[in-house]
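Below is one structure; the comments refer to it alone.
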Amino acid sequence: MGERGKSKGKYTTVSIPITLYNRIKELIKDTGFTSVSQYVTYVLREIVAAHEEAKYSEVFSEEDKKRIIEKLKKLGYL
């Protein structure tokens, strides 16, 4: 992967199959996206943000939650 400087920041090249590229190119016709790269960047940002949000929202496992509830019950809070 090569890196190159752009006026808006640094970028790298990611390879995708030509068939996928062509499908995306068709998909973005008549939308606000001006290039396949712009669309793919948008989609990846959304996916990464969702994964990050899920990662941080699952602080306790189900087992942890059960253990905490049992302790609270034993202490008389529940």
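The calculated 222 nm mean residue ellipticity attributable to helices in the chain amounts to -19000 deg cm²/dmol, summing -39500 (n - 2.57) over DSSP H runs of n ≥ 4 and dividing by all residues.
Phi-derived couplings, Karplus 6.51 cos²θ - 1.76 cosθ + 1.60 at θ = phi - 60°, listed residue by residue for the range 45-56: 4, 4, 5, 4, 4, 5, 5, 5, 4, 5, 4, 7 Hz, with x used for Gly and Pro.
Mean 1/r over all different Cα pairs, inverted: what Kirkwood radius does the chain give, in Å? Don't skip to the answer; put the middle values down first.
Details: mean 1/r = 0.0596 Å⁻¹.
Here the Kirkwood hydrodynamic radius works out to 16.8 Å.
Among V36, V14, V48, the largest mean-square fluctuation in a Gaussian network model of the chain (Cα springs under 10 Å) belongs to V14. Pairs of Lys residues in the range 3-74 that lie 8 or more places apart, or on two chains, and have C-alpha atoms under 29 angstrom apart add up to 15.
Taking amide H as placed 1.01 Å from N in the peptide plane, the amide H of Y11 sits under 5 Å from that of R4, K6, each at least 5 places away or on another chain.
Between R45 and K65, the FRET efficiency from the beta-carbon distance, with R0 = 22 Å, is close to 0.10.
Bear in mind these aren't lab numbers, they're just calculated from the coordinates by the rules spelled out. Every value quoted in this text rests on a predicted model; they were computed, and no experiment measured them. All Cβ positions, even for glycine, are placed from backbone atoms using ideal geometry, and neighbour counts span all protein chains on display.
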